Amino acid sequence: TVAHLAAYFAREAQPWEALTYGKIRFIAGDRSLAARANQQARDFCQRFSQDDALVRTLDSLRQKLAGAGEPGFKNAPGGLYDIEYLTGCLLMQHGHGLANGTMRDRIWRCADAGVMTRQTAATLDHAAELMRCIEHAARLVTGRSQPWLPATESAKEMTFRLAAAMLGADPHCLEEELKAAQVSTRAAY
């Protein structure tokens, strides 16, 4: 219930959860219930926007995720989680509402709000599109979710060929472009 959600937010929720609940949005069902739940999420995010430890807490968690398990498109330094944490934290920290919407929406909301330069937004937008496209191509090539590029050279080559076709790019340049995108994403983070 909304009352249980409010109680949880008031007593138990941690700062990192604001990144998750900040993405709450209505999809289907009772619009009135959704509106009340969204208001609780807005209040919750607002509470943490005033927390001096927010950035340190989120960065500490991000560093743990970066070192956990096999590095991949999401958790590696310069991966998609860097973009998620950066945009979510900036939107919350500067009181620009919930961090809902697509990753691209959140990146450009940061730029529109003046908490990120348009050049940084363009860099992150490109990196996110590239990483997601290659991640999806790897899934299509191997038939399963891949944390990173396929292990065999033939599957990796096919992944880059498929991603290049989707992006309108040269498949021979994508591996270097992926590495460069991770470096620039990490620098922005």
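Within the stretch 152-161, is even one residue on the phi < 0 side of the Ramachandran plot, among the aliphatic types (A, V, I, L, M) and either in contact with a Leu (Cβ under 7 Å, 6 or more places away or on another chain) or not in a helix (DSSP H, G or I) (or both)?
Checked the stretch 152-161: no residue is on the phi < 0 side of the Ramachandran plot, among the aliphatic types (A, V, I, L, M) and either in contact with a Leu (Cβ under 7 Å, 6 or more places away or on another chain) or not in a helix (DSSP H, G or I) (or both).
Residues checked against (1) in contact with a helix residue (DSSP H, G or I) (Cβ under 8 Å, 6 or more places away or on another chain); (2) β-branched (Val, Ile, Thr); (3) at pLDDT 85 or above; (4) over 15 Å from Arg186 (Cα atoms):
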residue: Asn38; (1), (2), (3), (4): no, no, yes, yes
residue: Ala41; (1), (2), (3), (4): yes, no, yes, yes
residue: Cys45; (1), (2), (3), (4): yes, no, no, yes
residue: Gln50; (1), (2), (3), (4): no, no, no, yes
residue: Ala53; (1), (2), (3), (4): yes, no, no, yes
residue: Glu70; (1), (2), (3), (4): no, no, no, yes
residue: Phe73; (1), (2), (3), (4): yes, no, yes, no
residue: Gly78; (1), (2), (3), (4): yes, no, yes, no
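Looking at Ala138, Ala165, Ala181 in this structure, which one is open to solvent by less than 60 Å² (accessible area, probe 1.4 Å), more than 24 Å from Tyr21 (Cβ to Cβ) and more than 15 Å from the chain's Cα centre (by Cα)?
Residue meeting the stated conditions: Ala138.
Which helices (runs of 4 or more DSSP H) does the stretch 54-136 wholly contain that include 3 or more residues that are of a type in the set (S, T, N, Q) and on the phi < 0 side of the Ramachandran plot?
Of the helices (runs of 4 or more DSSP H) lying wholly inside the stretch 54-136, those with at least 3 residues that are of a type in the set (S, T, N, Q) and on the phi < 0 side of the Ramachandran plot span 54-66.
Could you give me the residue pairs with C-beta distances under 9 Å whose first residue belongs to the stretch 159-183 and is among the β-branched types (Val, Ile, Thr), whose second residue is open to solvent by less than 30 Å² (accessible area, probe 1.4 Å) wherever it lies, and which are 6+ apart or on separate chains?
Correct list of pairs: Thr159/Ile134; Thr159/Ala137; Thr159/Ala138; Thr159/Gln146; Thr159/Leu149; Thr159/Pro150; Thr159/Leu174; Val183/Gly78.
The values are calculated or read from the model by the stated rules, or taken from the named source; none is laboratory data. Keep in mind that this is a model prediction, so the values were computed, not measured. No Cβ is skipped: glycine too gets one built from the backbone with ideal geometry, and neighbour counts run over all protein chains shown. Quick note on the areas: whole protein, heavy atoms, side chains included, nothing else; ligands and nucleic acids left out. Shrake-Rupley method; radii C 1.70, N 1.55, O 1.52, S 1.80 Å.
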